[in-house]
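Inspection log for the structure reproduced underneath, given as structure tokens.
What follows draws every value from the coordinates through simple rules; no lab data is involved. As the structure is a prediction and not an experimental result, all values here were calculated from the model. Please note: Cβ atoms are built from the backbone with ideal geometry, for glycine as well, and neighbour counts cover all protein chains shown.
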2 protein chains.
Amino acid sequence: MANIRSTFHAELVEDIVAEADRNGYEVVLGAVTPTHAEAAVVETLLSYRCEALILLGSELDEATLAGLAQRAPVVVIGRRTSCPGVDVVRTADGRGIGKVVDHLVALGHNRISHLGGGSGTIPSDRRTGYTRAMRRHGLAGEIDVIEGDLTERSGMQAAETLLARTQLPTAVIAANDQSAIGLLDRLLRAGVTVPGDIAVAGYDDSMLAKLAHIDLTTVSQEPGQQAQRAVAAIVERLDGDRSDRVDVVLEPLLVVRHTTSDGENLSQSDAP
Amino acid sequence: MANIRSTFHAELVEDIVAEADRNGYEVVLGAVTPTHAEAAVVETLLSYRCEALILLGSELDEATLAGLAQRAPVVVIGRRTSCPGVDVVRTADGRGIGKVVDHLVALGHNRISHLGGGSGTIPSDRRTGYTRAMRRHGLAGEIDVIEGDLTERSGMQAAETLLARTQLPTAVIAANDQSAIGLLDRLLRAGVTVPGDIAVAGYDDSMLAKLAHIDLTTVSQEPGQQAQRAVAAIVERLDGDRSDRVDVVLEPLLVVRHTTSDGENLSQSDAP
């Protein structure tokens, strides 16, 4: 069950299908759309003789999840839950942002701002990852969070905010690729060079980040790894005898592209 | 059954689910992925008690389609086929490009080039639509096709080709949004203003075209209309008594955005 508009979910689904194939299972999808809520989609899938459920980005409440887990094996991908009987596979978002901070500090950056993504669990984890990593590098005094909402438009607004200041930060880490791209566009239009004047990073390693003309440094949630662990969790319950709960937390992967590093990196001696 | 990576298919699926809901039917999806071919996906769906099939961008051969149509009602979306018993819903691609040419000519453009998308049925229909529309406007002498392959990279190459000429065309119509975006990016980086120096249009009305910083004039294939007609075709066969074949060809819709029109349109008197 996936959000049909999410390119990250699309990659996950591809990998889940390939992994299920290798294990001799078939996959059918229920699509969560604006008119079709998650609970209804799950009921349809169960009515079609599905033996197990893999939920991507689920927003079901804990009681509903617990009820589903009594009817079939359930794996939740991407979200924290301590619901009994429900397996979890996710990446460590805070550590992902921490890796971007490490990368930028190693390139000599110190004035590193964060473009936040609002109050959801995932943007909150990313914000905390940023502040922790800044403190770890002795940059507590440089912590600077501009609030946004994960949209391209909020990235554009953040760029206006930065351009109105007397001094730009040397780098900005956005909470996702989409807002990073809005930021990038407004900065480039204002004649700011990236990564020369300012480095920019996103999060998700989405199709947008990979476009050659954007070529955005970002963090991958490793859909292949998540798919493999999720299918393995299901197979262990269906074919094996596992009944204890698993909670897999995977390491996110830094993907360095042109927006932070053009081969003429800042000197290490610029670091504080 | 859909290509899980296609944003156009994602929109279609949303609309199909909404329309099926209204008719009291449930939808499950089979995802065509690099490891999972269309024929296998169809068999899985039929084995799950599916009563009918809607195929998006199907590449099954005519014999296979005919065989499927004997097992369940089949609607193909987007592709021509004269296969007995198979219903078709698609848009008229040639007329879609023709509408872009009409729009540009009305703005005063005459040197209008086409960035082609290769030898597939759909790019061929779009290329023919361009040459026919140019002739219709008395611009046969200005017909200029640069070949590409629907990728962002081929759009970038086309921009290099144009920039190496002594004179730029006044407008370029690309065979899809993705190649239009590569073209746009290279032109903007070379200091060419859009739409001032050159107008650019794409095709598909994809998520990329809608991004605020791209804001691309394009052609919509009206996923809502296609979904409605496809579900109606299925319902007529399941609940009604229709057995004659339907072939619905919908009118594509021009979506004018910033890359062809910034409010300071070319004067009509510039027209030939």
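Below is a table of values for the structure above.
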item	result
Calculated SAXS-style log₁₀ I(q)/I(0) at q = 0.06 Å⁻¹ - the protein assembly as shown, Debye, Cα scatterers	-0.34
Whichever lysines have a C-alpha closer than 27 Å to that of A:LYS210, once near sequence neighbours (fewer than 8 apart) are set aside	A:LYS99, B:LYS210
Residue-wise HN-Hα coupling along segment B:204-210, computed from phi with Karplus coefficients 6.51, -1.76, 1.60 (Hz; x: Gly, Pro)	2, 6, 6, 3, 4, 5, 7
Copy-to-copy label separations for A:ALA72, where each label sits 7 Å from Cα toward Cβ, in nm and ascending	1.6
Of A:THR44, A:THR128, A:THR170, the one that fluctuates the most in a GNM where chain A has Cα springs shorter than 10 Å	A:THR44
Candidates per trypsin sites (Lys or Arg not before Pro) in segment B:1-83, loop by DSSP, up to 15 other Cβ within 10 Å	B:ARG49, B:ARG71, B:ARG80
GNM result for chain A, Cα springs below 10 Å: residue of A:SER243, A:SER154, A:SER261 fluctuating most strongly	A:SER243
Average beta-carbon neighbours from other chains, 10 Å sphere, peptide B:24-32	6
Cβ neighbours within 10 Å from other chains - mean over A:36-42	2
Protection proxy ranking of B:188-195, B:230-237 - average other beta-carbon atoms within 10 Å, highest first	B:230-237, B:188-195
Segment A:24-94-segment A:142-208 distance, computed between alpha-carbon centres (Å)	34
Stokes-Einstein translational diffusion, segment A:63-164 - Kirkwood Rh over all Cα pairs, 1.306 mPa s, 10 °C, in µm²/s	101
Net charge, A:GLY141 excluded, C-beta distance under 13 Å - Lys, Arg +1, Asp, Glu -1	0
Relative contact order of chain B, defined on C-alpha pairs under 8 angstrom at six or more residues apart (%)	21
Principal-axis tilt of helix B:38-47 within chain B, Cα atoms, nearest 10 degrees	30
Helix B:177-189 vs. chain B, principal-axis angle (Cα, 0 to 90°, nearest 10)	20
Farthest positive-ward along the protein assembly as shown dipole, Cα basis, beta-carbon charges - from B:LEU55, A:THR128, A:GLY196	A:GLY196
Inverse mean reciprocal Cα-Cα distance (Kirkwood Rh) of chain A, Å	19.7
Cβ-based net charge around B:GLY24, under 13 Å, with every Lys or Arg adding one and every Asp or Glu removing one	-4
Whole-number D in µm²/s for segment B:105-186 (Stokes-Einstein; Kirkwood sum over Cα pairs; 10 °C, 1.306 mPa s)	125
0 to 90° range, to nearest 10: angle between helix B:152-163 axis and chain B longest Cα axis	20
Listed residues A:LEU216, A:LEU60, A:LEU184, most fluctuating in chain A (Gaussian network, C-alpha, under 10 Å)	A:LEU60
Quarter of the Cα convex hull surface for segment B:102-147, i.e. its orientation-mean projected area (nm²)	3.0
Semi-axis lengths, Å, segment B:1-127, gyration tensor of Cα atoms, sqrt of 5 times eigenvalues	32, 17, 14
